[in-house]
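Novice: Pasting a structure here, questions to come.
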Amino acid sequence: MNLNNLKPAKGSIKHSKRIGRGAGSGKGGTATRGNKGAKARSGYHQKIGFEGGQMPIYRRLPKFGFKNINRVEYVGINIDTLNTLAEAKNITDFNIEVFKQNGLISGKDRIKILGRGELNKTINVTAHAFSATAKQAIETKGGVATVIE
């Protein structure tokens with residue numbers, strides 16, 4: 001076996017049909033596109049959602065709801081999560097950098113501290129928002145809940 005006599009395996013290569021190359025080929029004339037109509041023309045492009053002329057599904061179904069473009073999304077972090085972090089890594093001051101380092105948020109996420117769980121340590125938390133129960137839980141343990149504007 002040499003490089004000059006290498007061939008692909010028999011049947012592994014299939015040549016495409018050469019359409020529109022004369023009547024003798026059997027694929028001439030209409031070039032397998034049928035007779036007339038939009039699909040027979042060059043440059044034909046079907047519109048997205050076109051269903052052959054019947055009313056498309058996006059027009060048959062009713063519309064509902066809307067997306068509020070002014071909505072502010074928060075990443076919720078519960079007090080029990082802060083408590084486990086405080087005990088495991090001995091953290092007392094929680095801010096955006098601490099949350100990023102521990103993988104709780106990413107990028108420019110806004111943070112809301114939520115009130116599930118118990119606190120065993122005094123911690124200071126800086127976040128964009130606090131639930132009433134979370135703020136109360138932090139302040140009863142002697143900590144400070146600071147809101148970022």
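Novice: Any residue in the stretch 84-111 that is small (Gly, Ala, Ser) sitting within a Cβ distance under 7 Å of a residue that is loosely packed, with under 13 Cβ neighbours inside 10 Å? List the pairs, counting only those 6 or more apart or interchain.
Specialist: Filtered contacts from the stretch 84-111: ALA86/THR92.
Novice: Applying the selection to the stretch 73-95, what residues are loosely packed, with under 14 Cβ neighbours inside 10 Å and farther than 17 Å from ILE138 by Cβ?
Specialist: Correct list: GLU73, ALA88, LYS89, ASN90.
Novice: Six or more apart or on different chains, Cβ under 7 Å: which pairs go from a residue in the stretch 28-45 that's closer than 19 Å to ARG18 by Cβ and free of Cβ contacts under 8 Å to residues at least 60 places away in the same chain to one that's among the small types (Gly, Ala, Ser) and exposed (fewer than 10 other Cβ atoms within 10 Å of the Cβ)? Could you list them?
Specialist: Partner pairs satisfying both residue conditions: GLY29/ALA23; ALA40/GLY34.
Novice: Just to check your reading of the model, which residue among PHE50, PHE66, PHE94 is farther than 30 Å from ALA132 by Cβ and at pLDDT below 95?
Specialist: Values: PHE66 fails: farther than 30 Å from ALA132 by Cβ; PHE94 fails: farther than 30 Å from ALA132 by Cβ.
So the residue among PHE50, PHE66, PHE94 that is farther than 30 Å from ALA132 by Cβ and at pLDDT below 95 is PHE50.
Novice: Something else now. If we only count strands (runs of 3 or more DSSP E) wholly inside the stretch 96-149, which ones have 1 or more residues that are out of contact with any His (no Cβ under 7 Å at 6 or more places or on another chain) and surrounded by fewer than 16 Cβ atoms within 10 Å (Cβ to Cβ)?
Specialist: Numbers: elements: 110-114, 124-127, 144-147.
Those strands (runs of 3 or more DSSP E) span 124-127, 144-147.
Novice: Which of the residues that make up the stretch 75-91 are charged (D, E, K, R) and within 14 Å of LYS135 (Cα to Cα)?
Specialist: First pass over the stretch 75-91, keeping only residues charged (D, E, K, R): 80, 87, 89.
Correct list: ASP80 only.
Novice: Could you grab me the full set of residues in the stretch 1-40 that are among the aliphatic types (A, V, I, L, M) and surrounded by 11 or more Cβ atoms within 10 Å (Cβ to Cβ)? Don't jump to the end; show me each part of the working.
Specialist: So the first thing to find is which residues in the stretch 1-40 are among the aliphatic types (A, V, I, L, M), and the list is 1, 3, 6, 9, 13, 19, 23, 31, 38, 40.
Residues satisfying the conditions are ILE19, ALA31, ALA40.
Novice: Just to be sure before I move on: is GLN54 surrounded by fewer than 10 Cβ atoms within 10 Å (Cβ to Cβ) and without any contact (Cβ under 8 Å) to a residue 12 or more places away in the chain in the structure I sent?
Specialist: Working: surrounded by fewer than 10 Cβ atoms within 10 Å (Cβ to Cβ): yes; without any contact (Cβ under 8 Å) to a residue 12 or more places away in the chain: yes.
Yes.
Novice: So, one more: Give all pairs with beta carbons closer than 8 Å in which a residue from the stretch 123-149 that is farther than 19 Å from THR92 by Cβ and touching a residue at least 24 places away in the same chain (Cβ under 8 Å) meets a residue that is crowded, with 16+ Cβ neighbours inside 10 Å and hydrophobic (A, V, I, L, M, F, W, C); count only pairs at least 6 apart in sequence or on separate chains.
Specialist: HIS128/ILE111; ALA129/ILE111; ALA129/ILE113
Novice: Just one of the numbered conditions (1) in contact with a strand residue (DSSP E or B) (Cβ under 6 Å, 6 or more places away or on another chain); (2) of a type in the set (A, V, I, L, M); (3) assigned to a helix (DSSP H, G or I) is not true of ALA88; which one?
Specialist: (1)
Novice: Inspect the stretch 4-25 for any residue being in contact with a Phe, Trp or Tyr (Cβ under 8 Å, 6 or more places away or on another chain), free of Cβ contacts under 8 Å to residues at least 60 places away in the same chain and assigned to a helix (DSSP H, G or I) and give the result as yes or no. Can you show your working first?
Specialist: Step one: filter the stretch 4-25 for residues in contact with a Phe, Trp or Tyr (Cβ under 8 Å, 6 or more places away or on another chain), giving none.
For the stretch 4-25, residues in contact with a Phe, Trp or Tyr (Cβ under 8 Å, 6 or more places away or on another chain), free of Cβ contacts under 8 Å to residues at least 60 places away in the same chain and assigned to a helix (DSSP H, G or I): absent.
The values are calculated or read from the model by the stated rules, or taken from the named source; none is laboratory data. All of these numbers come straight from a predicted model, not from anything done at the bench. Cβ coordinates were reconstructed from backbone atoms using ideal geometry, including for glycine residues, and neighbour counts include every protein chain displayed.
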